[in-house]
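Comments concern the structure below.
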């Protein structure tokens, strides 16, 4: 069963334009690691608060992506984390499995 991943962080006001320019590359990075159906949102009532949503096949993929996001040292992730208030330590990730309601 697929895992839905939510990622939340705040972007510095003066880095917003740089961040928005990185979103297409963010999507490509996640797809390269197995992320699917990527979407990004900005808080309608909290400017600068961003949430990503994507899915992965299993918890192993989730853990790999989480490790890359928290410790990855690459030109892309370095640029990305420079936009986040507090850097990679303030990128919060959660994994969810869908539940079905009992009738």
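Between the beta carbons of residue 31 and residue 89, assuming R0 = 30 Å, the FRET efficiency works out to 0.75 to the nearest 0.05. Ranking of 3, 65, 99 by neighbouring Cβ atoms within 10 Å, starting from the fewest: 99, 3, 65. Expressed as a fraction of 2.2 N^0.38 Å, the C-alpha radius of gyration for region 46-103 is 1.39. With a simple spin-label model that places each label point 7 Å from the Cα along the Cα-to-Cβ direction, the separation between residue 39 and residue 16 comes to 2.2 nm. Only Cα sites of region 33-77 enter the Debye sum here, all with the same form factor; the resulting log10 I(q)/I(0) across q = 0.21, 0.26, 0.30 1/Å is -0.84, -0.99, -1.04, listed in q order. Residues of region 43-70 with an amide N closer than 19 Å to a point placed 7 Å from the Cα of residue 82 along the Cα-to-Cβ direction: 69-70. As a length-normalised measure over Cα pairs under 8 Å and 6 or more apart, the relative contact order of the chain settles at 44 percent. Determine, at each q value in 0.10, 0.17 (inverse angstroms), the log₁₀ of I(q)/I(0) that the Debye formula gives when each Cα of the chain is one equal point scatterer. Taken in order of the listed q values, log10 I(q)/I(0) reads -0.27, -0.76.
Read the figures in this text as sums done on the coordinates, not as results from a lab. Since this is a predicted model, take the numbers as computed values, not measurements. Please note: Cβ atoms are built from the backbone with ideal geometry, for glycine as well, and neighbour counts cover all protein chains shown.
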